[in-house]
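The values are calculated or read from the model by the stated rules, or taken from the named source; none is laboratory data. It should be emphasised that the depicted structure is a prediction, and the values quoted were computed from it without experimental measurement. Backbone-built Cβ (ideal geometry, glycine too); neighbour counts: all protein chains shown.
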Protein chains: 2
Amino acid sequence: MRIAQIPPLYESIPPKLYGGTERVVSYLTEELVKQGHDVTLFGTKDSVTSATLYPVCARATRLNPDCKDAMAWHVYQLQLVIENASRFDLIHFHNDYLHFPLSNQGHYRHITTLHGRLDLEDLKPIYKKFYDIPVVSISNSQRKPLPHIHWLSTVYHGLPKDMYQAGDGKGNYLAFLGRISPEKRPDRAIEIAKRTGIPLKVAAKVDKADAEYFEERIKPLLDHPLVEFIGEIGDHQKEKFLGNALALLFPIDWPEPFGMVMIEALATATPVIAFNNGSVPEIIQEGKTGFVVNNMQEAIEAVEKIRLLDRSLCRQVFENSFTSAVMAQKYVTLYEQICRREGKVFHLQTPPNWSTKEKYASYD
Amino acid sequence: MRIAQIPPLYESIPPKLYGGTERVVSYLTEELVKQGHDVTLFGTKDSVTSATLYPVCARATRLNPDCKDAMAWHVYQLQLVIENASRFDLIHFHNDYLHFPLSNQGHYRHITTLHGRLDLEDLKPIYKKFYDIPVVSISNSQRKPLPHIHWLSTVYHGLPKDMYQAGDGKGNYLAFLGRISPEKRPDRAIEIAKRTGIPLKVAAKVDKADAEYFEERIKPLLDHPLVEFIGEIGDHQKEKFLGNALALLFPIDWPEPFGMVMIEALATATPVIAFNNGSVPEIIQEGKTGFVVNNMQEAIEAVEKIRLLDRSLCRQVFENSFTSAVMAQKYVTLYEQICRREGKVFHLQTPPNWSTKEKYASYD
């Protein structure tokens, strides 16, 4: 198939540093090319891809100090896509709602993966208006605030199968990996370590926005013999950091639509102890690839049971469900489904009854 | 004519507090209604207008603490406009480039007033791409960074004729009115006062973003018998504040596309001493309605000559050139010009030669 991928332009593909959406678009793009598809990526010129790169702007906007108006580039990108639309069987957007008024006019086949949280009041009117734009969720949990829009399927994010090798967890420590922020609850991870007596390694970056939170709330907690703060680590260090850990702690306090670090841990054969929120219960199989807990007491009990889990099962679940090959295959199935429909048929023709959940349920 | 006005949604129409673009849209809308046109305003529900209000969102986004994603409302607004486009002879956008990919498809007649500065590198590709969208500048100076796009005309902002009455300037002070910010150069105003020995009154708000600048750079300068800082003032206080002043000082240090406070001063019959930047030389007539200066020495000489100017001429120039009636009449002329063209004819058919200035010069 001839497929266009439309990522945000905040980061290059893949991102030079942090950047969740752009990283997933990179994995998907590379895998689609590998599977023989003709893929065009409308990304920043500093992207690295085996697909055809249609360069929209010279540099990713977030790390470019000269960029004062990132939106101008995103609107420009839309126009480039429209002008080239006839060259593709399908256009895959990763830019939220920005293209909806244009794509709604039905001149091309398209699909949109929603990467962000959807529980903002601001989003309701626009998604209600565009209830018939075909969209994909990255977890079932993500759909909850907007159950009645045109969900095609949930496609979980995936990592390249060989990106990480299984580790043996013999480092005898718990791992925390991510940003230091109130939503990620590093304080909970530290409390778990102190109450179980098992060392914790914290590999995390501190964004400017979270500097105050780090200084005031987290730094004082780090001064403890069981806790080691090792700062931000890159992709190449993650394999060892995660693979040597007894478990990844994922004590989040927000409905995270998809927690990438959970599948990174599974890829290294490391189980996950996660607080029950957002995508957690969809990704972690209770008592198999980790434990889904509801409070601190359950978290501590989970740590005590963690050595009983079969680590090879974690890796196996990763290979079966969370590789970029699996992700790409699911997307291709959806692409084909869209392409089989004629013309604008893939747009629903009558507004849904917003009180009738069943009527426009998922196509799964 | 049946006209739609599409303002930003950051402020209500008119704004409850600060908000340049939304204020001008309010003046224009009220004047068009007064002139007998059928006007629909796609604004926030808390707007106050004699036009038909099409409410897009309940509250203006900037002052709504619950608003986390203002862009969602702006994209939603575009869709509402498209759905209703056939009801209007012409759609007047005040939202920069956001609608360009949609309006470019030519299903409705439209005109766009560009309200912001255009000298950002980020803007070049999108305006080059949409070189044929008909746009209006708010000063000729504003066009400089993008001379080759489809400029229809410059239409200066205007105020309701009766908003302010002429004052006699007998307060024997110089006035500074606006935001405290490095671009507005209140420090220059203070230096002018000190060097001429004429008192200065500073009526200005301090935004959060400028708090440090105010504390460190400006506050120390305010402790002087000639300088009085009176804080932020509302519209109803401006008449007296400006009308009693010998002159308004407008010592800006950036290419401000249109300085509203200059015409507010002229409306109260108060001349303006302004540094030569942006729209200044288009608004101020040298030696008649004020002085356009290039440095501090010229500013001081201007203050010494200011009593020689005929204040009634300032008011007269305001009435002739800078009322909302004049502004609305100029826009109506442009609306009619657009409506006389058939179909997509008002879009240029071939790309301009970007090295040939003359080819797509203004329609003036």
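Could you check residue A:355 against (1) closer than 25 Å to residue A:93 by Cα; (2) modelled with pLDDT under 95 and say which number it fails?
Unmet condition: (1).
Can you work out which of the residues in region A:22-42 that are without any contact (Cβ under 8 Å) to a residue 40 or more places away in the chain and not in a helix (DSSP H, G or I) is nearest to residue A:161 (Cα to Cα)?
The qualifying residue nearest to residue A:161 (Cα to Cα) is A:36.
Tell me which residues, restricted to region A:218-232, are out of contact with any helix residue (DSSP H, G or I) (no Cβ under 6 Å at 6 or more places or on another chain) and part of a loop (DSSP other than H, G, I, E, B).
A:223, A:224, A:225, A:230, A:231, A:232
Residue by residue, here is whether (1) under 18 Å from residue A:90 (Cβ atoms); (2) out of contact with any Pro (no Cβ under 6 Å at 6 or more places or on another chain); (3) of a type in the set (A, V, I, L, M); (4) buried (at least 19 other Cβ atoms within 10 Å of the Cβ) holds:
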| position | (1), (2), (3), (4) |
| --- | --- |
| A:4 | yes, yes, yes, yes |
| A:9 | no, yes, yes, yes |
| A:22 | no, no, no, yes |
| A:33 | yes, yes, yes, no |
| A:51 | yes, yes, yes, yes |
| A:61 | no, yes, no, yes |
| A:71 | no, yes, yes, no |
| A:74 | no, yes, no, yes |
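Hey, could you check region B:113-157 for residues that are among the hydroxyl-bearing types (Ser, Thr, Tyr) and within 13 Å of chain A (Cβ to nearest Cβ) and say which is nearest to the chain's Cα centre (by Cα)?
Residues of region B:113-157 among the hydroxyl-bearing types (Ser, Thr, Tyr): B:113, B:127, B:131, B:137, B:139, B:141, B:153-154, B:156.
Right, trim to within 13 Å of chain A (Cβ to nearest Cβ) and you get B:127, B:131.
Values: B:127: 21, B:131: 23 Å.
Out of the qualifying residues, it is B:127.
Looking at A:272, A:280, can you tell me which residue is under 18 Å from residue A:198 (Cα atoms) and modelled with pLDDT of 95 or more?
Among A:272, A:280, only A:272 is under 18 Å from residue A:198 (Cα atoms) and modelled with pLDDT of 95 or more.
Within region A:200-214, which residues are over 12 Å from residue A:249 (Cα atoms) and either at pLDDT 95 or above or buried (at least 17 other Cβ atoms within 10 Å of the Cβ) (or both)?
Residues of region A:200-214 over 12 Å from residue A:249 (Cα atoms): A:204-214.
The answer is A:204, A:206, A:210, A:213, A:214.
Every residue in region A:289-315 that is of a type in the set (Ser, Thr, Tyr) and in a loop (DSSP other than H, G, I, E, B), please.
First pass over region A:289-315, keeping only residues of a type in the set (Ser, Thr, Tyr): A:289, A:312.
Selection gives A:289 alone.
Examine region B:1-9 for a residue that is touching a strand residue (DSSP E or B) at 6+ places or on another chain (Cβ under 8 Å), within 30 Å of residue A:81 (Cα to Cα), assigned to a strand (DSSP E or B) and more than 14 Å from chain A (Cβ to nearest Cβ), and state whether such a residue exists. I'd like the intermediate steps shown before the answer.
Initial filter on region B:1-9 (touching a strand residue (DSSP E or B) at 6+ places or on another chain (Cβ under 8 Å)): B:1-7.
Retained after the next criterion (residues that are within 30 Å of residue A:81 (Cα to Cα)): B:4-7.
Retained after the next criterion (residues that are assigned to a strand (DSSP E or B)): B:4-6.
Those still in the list that are more than 14 Å from chain A (Cβ to nearest Cβ) too: B:4-5.
Yes, that holds for at least one residue.
Can you confirm whether region A:170-192 contains a residue that is away from chain B (no Cβ under 14 Å), small (Gly, Ala, Ser) and over 25 Å from residue A:18 (Cβ atoms)?
Within region A:170-192, none of the residues are away from chain B (no Cβ under 14 Å), small (Gly, Ala, Ser) and over 25 Å from residue A:18 (Cβ atoms).
What's the number of the condition residue A:70 fails, among (1) facing chain B (nearest Cβ under 9 Å); (2) without any contact (Cβ under 8 Å) to a residue 40 or more places away in the chain; (3) closer than 29 Å to residue A:259 by Cβ?
Status for residue A:70: all satisfied but (2).
Among the residues of region A:73-85, write down those that are more than 23 Å from residue A:135 (Cβ to Cβ) and more than 10 Å from chain B (Cβ to nearest Cβ).
Matches in region A:73-85: none.
Which residue out of A:21, A:52 is over 25 Å from residue A:205 (Cα atoms) and more than 13 Å from chain B (Cβ to nearest Cβ)?
Details: A:21 fails: over 25 Å from residue A:205 (Cα atoms).
That would be A:52, the only listed residue that is over 25 Å from residue A:205 (Cα atoms) and more than 13 Å from chain B (Cβ to nearest Cβ).
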